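Taking it in order: structure first as structure tokens, then the write-up.
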Amino acid sequence: MSPTLLQQVREANKKFLAGTPQLLDSSGAPFIVVTCMDPRLTGVIEAALGLPPHRAIVIRTAGNSVSDANTDVLRSVAAAIFLKGGKEIFIAGHTDCALSKFSAAAAIESFRNAGIPRSAFGDADLRNWFGAFTDVKANVISAVEYLRKSVLVPKDVKVHGLIIRIESGEAEVIADGDVAPAEVAPTQVKHEEVAAPPPIAAATAAAAPSAPAPAPASLVQKGVKGPVVIPTSEKTPGPIKPPESMLDAAMIVRDFIYHERRNAQFERTLAKINNLLKTERDPVRLVTELDAVAHSYKAKYPKLPGALEYLKNSLQGKGATGFGFRELMKRMLE
């Protein structure tokens, strides 16, 4: 049996530590590495993990964090998956990360010395604004679980978590994406776990906002098997937020297709749309066909009508060629 990508990365790290670094085969499927902007990683992480050129898509951001407060990373990850063909994701944190030692007082002094007022950062707590955290491992685990649950990340895309020792380049695996989610080794993250509702239940709740929301279960993490679930705040369902871009709208459609294509009848419908995609040059016609197919699913997927309407309006706009949408459609139907 051929070694998995994670096993290949582990082997590359062993060779790096032994003084005989070797990059992975550059002809394999693209994969994604989300890591920190720390300059100490520059020129090191490539050799330490065996990242080959033209294959490894490296995304660098402060603290290698992925969350609702850092959606630009999610946008880059989505682009790497759907535009570049990325098949696996590695969240690579590192020891001695500055954001794990963040001091609001030091930050205030620094930007005030530069003539920047506190008001420039808004009313949010500075720790939240900068994405500070206290535990490097917990931060990586949170990013891994955020991506595993994101509707923008296909279920067959594996997400791994690593910690790189900054002084040596040694990589420790703390989240193994090759292991089934229910068998992931227990973590030491100590925070509340909230059970996420299944997609159908979530859609039903959105359609009936008067129904009381179930109370979250407070569970002790230590010693419990299973993936860490990121806590979500309880909010009364409100109006559905419309998509803000063609990519957002396309991803809503992608999620709909992904969940429904398990149905044999729907799969036949998709085959017809796929044939239309090969011959039809007008992207608006494609959206119109999708809208007709999705009509009976709108109650189950409340965001779907707004996404299709956004796509249609965008594609009908002056100068819109729809080339990017056609490429997204090809990947969604693969």
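The values are calculated or read from the model by the stated rules, or taken from the named source; none is laboratory data. Note that this is a predicted model, so its numbers are computed, not measured. Neighbour counts run over all protein chains shown; Cβ positions are idealised from the backbone, glycine included. SASA here: full protein model, heavy atoms, side chains in, ligands and nucleic acids out. Shrake-Rupley method; radii C 1.70, N 1.55, O 1.52, S 1.80 Å.
Here are the numbers for the structure shown:
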item: Exceeding the 22 Å Cα-Cα cut-off - candidates Lys241/Lys312; Lys84/Lys278; Lys241/Lys298; Lys158/Lys241; Lys158/Lys298; result: Lys158/Lys241; Lys158/Lys298
item: Cβ-Cβ FRET estimate between Ala124 and Thr95, R0 fixed at 25 Å, reported to 0.05; result: 0.35
item: Contour minus Cα-Cα distance for Lys84 and Lys241 (0.36 nm per residue); result: 53.7 nm
item: In Å², nearest 10: area of Arg112 left accessible to a 1.4 Å probe; result: 140
item: Rounded accessible area of Ser150 (nearest 10 Å², 1.4 Å probe); result: 10
item: In nm, spacing of pseudo-spin labels at Tyr297 and Asn275 (7 Å Cα→C-beta vector); result: 1.9
item: Gain in span if fully extended, Ala106 to Asp68, counting 0.36 nm per residue against the direct Cα distance; result: 11.2 nm
item: Cα→Cβ-extended label distance, 7 Å offset, between Val151 and Glu289, nm; result: 2.4
item: Asp25 versus Glu309: modelled label distance in nm, points set 7 Å from Cα along the beta carbon direction; result: 5.0
item: Given charges at Cβ of Lys, Arg, Asp, Glu: the range 90-145 dipole, positive-most of Gly131, Ala120, Ala92; result: Ala120
item: Per residue accessible area in Å² of the range 55-121, where ligands, DNA and RNA are left out and the probe is 1.4 Å; result: 47
